[in-house]
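Rule-based calculations on the coordinates, nothing more; no lab input. From a predicted model like this one, the values you see are computed outputs, not experimental measurements. Heads up, the Cβs are rebuilt from the backbone with ideal geometry, glycines too, and the neighbour counts pull from every protein chain shown.
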């Protein structure tokens, strides 16, 4: 009982050991992460097509809930780029930006995604995330990064460029380029330049000034706050908002109120697929960050409990009027490097955001949207990894095809089509590749009882005996392949009287393959040929014994391939066993 | 050039060796198969919801085309039960039975299915049939058999009972049972009883009269012709058609005319999925019969060419006004047992059907529909194999779930839903089962350099070294499983300094798994642990060398697990190697 409670409420474990020293530490970390999270919250709310305060709302309750349920000591949850883009896409098909229906749908999406994650966690369905192969998720994130960056070029230039997909976005951008607002563009590009410099140039400079490596890293990460302060001041001082520079404007003060998503079944039905995709993509990103950071301190992360924690966080986001969130990479790294010792750091960050929401929103009035757009562009460009295309191409053409397909489809048709087709293609390619397993004709190595691929070794084969080794489990994708192969081999060689299947790499035989083996056995029997198995693994044999196959098998099941051959032709097998190791003439004689 | 031509036109091969003796033989076979095919053609046209002559049309051109393109010497193509039911379902959603649109759609379905099969054959896409796992196809055929039989109970009783699915059919049957026509029911049940007796009782009787085994078998198979002759005569003699017995009536005389399916793109789009399903189900049934019969005479069947042959046959069916066809089981067995030596027997059967269409259709005028329905029921009940459910349950619960699900869904929701969900479920279960591969902690067997599962053998493990053997290829469904497993193992055992992954059963490592291995290596490095591989197969290693992984690996890649351990702790490994084979105390000492 107590163990179960501890499993589902990790806070009971770390909370019991909490000390004053840990508290001071976590408070410091929270202050740093808050500085980083404020601009990100505002910016990603814009990516999701929502008012800026919704980003702040999504950065309070979820952090507290993750602190209670989460198993990672470093993960920082909140609004992230890809989930925000997916939210905009999903909700955009239901309502127009700026309407209460749009906000309601975003809240419903967070609720649905949260419920799905909790259910997946409770039923231990984390393996569902496996369906997203690496090429697909990597291609998808790259494409999302490109699409988000393209979407923010409009605000940077001060023009309105809309579009559901990257292609539509670029088209709209090119069409409206003439409406560029000079002041906005200057702010936008200056911020872009500054932020790029902060990423590349600031850290070496700080190091030269004698600031420690880790502190320099963290200072570089809060660069956006400086950009926000300076550009806000500039707009205010020069009244640029009267010269066409779009500003954030009035952000409602105060904490979010308890909200419930609209209880509209048809709405929930429409959001089901996007919610599932957001859940899985968010989980995959989050668990990967959590495992990486936990490994550095040999801490434990429970993948199933993480589903529950992310689910609870999303439900928290929903009931406090926020939108779908997940663990963020950059933010978690800062959390880790600043020295977060417990998930309490996250809860304190939530308090920091709450204070900002209560007291600092008036300061955001003159914040130019171009600055937020620039911070988004710089942040998401780190998601774009085109070199992965090349690496994957070199390693596997099939995986490359899945990755390129996902990228192109995401850019042209949108995030959902990209992901779904990517998953379908990678499952298809997987089934295709396992449908033609490697099968070797094996022969005996003279002087030994060992059998090896005759194409790679000088090995003896016996007339009348076909020895095949199949290097794959036998299941439905390849069941008929084996039937065809044996049927062709036997038809093209009328001397064959015995077929032996060596199974050292067969980890499982499913019902389809069992049916194929039975068919092979029956057909060989009709042709006057016996069928043997050798080197069948223990668990596979246990299961075969539960079928009629072993009873019907015309040959036997042998421990080793040698035993199988010896049971058919003891003389020849023994003579080869006793032959000197290097004896080409024997090999030739036996082969003929 | 000549070889290619021979590959695509098998008739060139067997045609060159054709002799007068073969001709006489094939003509005899054709006469027998024609007798069997006439009632089947008429009956399956009714199952498909088409006029009876369409069944005859579908039994001419396809047989000639299969004789030209087919590689099986025994396969008899034509209308079959399951494809007819699938046709009725697919076309039923587009038009009402009896309308020209219905017939047009059935013809378009045959054309589309034929084109798909030819394309699949030309591109060697036969592996697509692998997606239908055995439990799914077996469950589907059982459910189809039940549904067809239920659908024919109406005609047997002389009541009209319609329904898209089995459930609707039974419902309609029960509601209308009061309208049963006594004369029809007598004819129907007498025929049913007679046909069951022919199946079970006739053969022993014939054997007792000294008729040979094979001849008795064949005579039992033409039983339906006798039933047709007798019941037709009875209707004619007693004028039962005036007492409510539904009869076939006027069947148009003469050969089919050249027809083209309606060139309506939206129609073709609607038929695409059903056509694909019919193609694959038909192909799977057909190739299985062809391989079984070919094996008995050690003949060769080319699975890719069979796709082309079936495709050409369906295109032939379409242009001669027929509906989708495939190779039939019972009919092919009769063909084989009667002694068909070449596919020419099929072409001669087509001539037999043509003669029947030209001259015998007036004889069918008084044929009661109840007789045809009874022949269908007896024929399809052999498709129903409920014992497969039990066999599969004993062998594999997952496969049982897929089979039961397919049966229930087919009966409740219809053939397409049943098949599609069945395929999805079996792919899902396959990915699920491979997502948790068997992984064993291995230890050294004292006195040897062999490593085995410590849970099954008395084997020595070394403090600080975690040796794992993974019994499955590494690909995206299980990539993250390995990450989690190693991360948990290392987190729960702080003594570990080295992790060795033994890969003798790893046949492939895809990009996702490569990424996981890289992540594992990086994370272990962060935790001060080295990562080694052993027993990596040649092709897997060749590929790994094309990635950065081998360069970044903190440990080495070793030929044997022993070499990996010896590279870390040569003393301990050697001491265990030299230890006497039975030495419990050493084992205990080394384990502690």
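Worth a mention:
- Estimated Rh, the range B:492-539: Kirkwood, alpha-carbon pairs, angstrom: 11.8 Å
- The protein assembly as shown: calculated mean residue ellipticity at 222 nm from DSSP helix runs of at least 4, using -39500 (n - 2.57): -20000 deg cm²/dmol
- Ascending count of other beta-carbon atoms within 10 Å, so fewest first, for B:205, B:431: B:205, B:431
- Along its three principal directions, the equivalent ellipsoid of the protein assembly as shown from the Cα gyration tensor extends over semi-axes of 63, 42, 25 Å, largest first.
- In the range A:361-463 the Cα-Cα distances spread across 5 Å bins starting at 0 as 2, 10, 10, 11, 10, 9, 8, 9, 8, 7, 5, 3, 2, 2, 2, 2, 1, 0, 0 percent of all pairs.
- Normalised alpha carbon radius of gyration of the range B:326-384 [divisor 2.2 N^0.38 Å]: 1.38
- Label point distance in nm, residue A:387-residue B:7, each placed 7 Å from Cα along Cα→Cβ: 4.4 nm
- Extent of the range B:33-95 along its three principal axes (Cα atoms, max minus min coordinate, largest first): 37, 22, 17 Å.
- Inter-chain Cβ neighbour count for A:465-477, averaged per residue, equals 4 (cutoff 10 Å, partner chain atoms only).
- Every Cα-Cα pair in the range A:390-439 was counted, and those over 16 Å apart are 45% of them.
- Relative to its residue count, the range A:1-134 spans a Cα convex hull of 138 Å³ per residue.
- Percent of C-alpha pairs per 5 Å bin in the range A:176-250, short distances first: 3, 14, 21, 19, 14, 12, 9, 6, 2, 0.
- For the range A:408-482, the orientation-averaged shadow of the C-alpha convex hull comes to 7.5 nm² (one quarter of the hull surface).
- DSSP-defined antiparallel bridges as percent of all bridges, chain B, nearest 5: 45 percent
- Translational D in µm²/s for the range A:61-105 (Stokes-Einstein at 4 °C, 1.567 mPa s, Kirkwood Rh from C-alpha pairs): 105 µm²/s
- Volume of the convex hull of the range A:439-531 (Cα atoms only), normalised per residue: 90 Å³.
- With a 10 Å cut-off around each Cβ of A:132-144, the average count of Cβ atoms from other chains is 3.
- Sorted shortest first, the separations between the residue B:420 label point and its copies elsewhere in the assembly read 1.1 nm; each point sits 7 Å from Cα along the Cα-to-Cβ line.
- Label-to-label distance, nm, for residues given as residue A:93 and residue A:241 (7 Å Cα→Cβ offset): 3.7 nm
- Each DSSP beta bridge with both residues in the protein assembly as shown is either parallel or antiparallel, and the antiparallel ones are about 45%.
- Residue A:196/residue A:397 FRET efficiency (R0 35 Å; Cβ-Cβ; nearest 0.05): 0.50
- Once the convex hull of all Cα atoms in chain B is built, its volume per residue stands at 220 Å³.
- Cα-based Rg and Dmax for the range B:195-289, where Dmax is the largest Cα-Cα distance (Å): 21.4, 60
- Folded to 0 to 90 degrees: helix B:265-296 orientation relative to chain B principal axis, Cα: 80 degrees
- Restricting the calculation to Cα atoms, the range A:450-592 yields a radius of gyration followed by a Dmax of 15.2, 46 Å.
- Two-decimal ratio, the range B:117-172, of alpha-carbon radius of gyration to 2.2 N^0.38 Å: 1.65
- For the rotational copies B and A, the chain B residue with its Cβ nearest the relating axis, together with that separation in Å, is B:505, 3.
- Restricted to Cα atoms, the range A:104-248 shows a radius of gyration and a Dmax of 20.6, 58 angstrom.
- Here the calculated FRET efficiency for residue B:22 and residue B:260, from their Cβ-Cβ distance with R0 = 30 Å, stands at 0.25, rounded to the nearest 0.05.
- Looking at the range A:1-53, the pairs of alpha carbons with a distance over 14 Å make up 69% of the total.
- Diffusion constant of the range A:267-331 at 20 °C, which comes from Stokes-Einstein with the Kirkwood Cα-pair radius and 1.002 mPa s, µm²/s: 168 µm²/s
- Projected label distance in nm at residue B:550 and residue A:554, using a 7 Å step from Cα toward the beta-carbon: 4.4 nm
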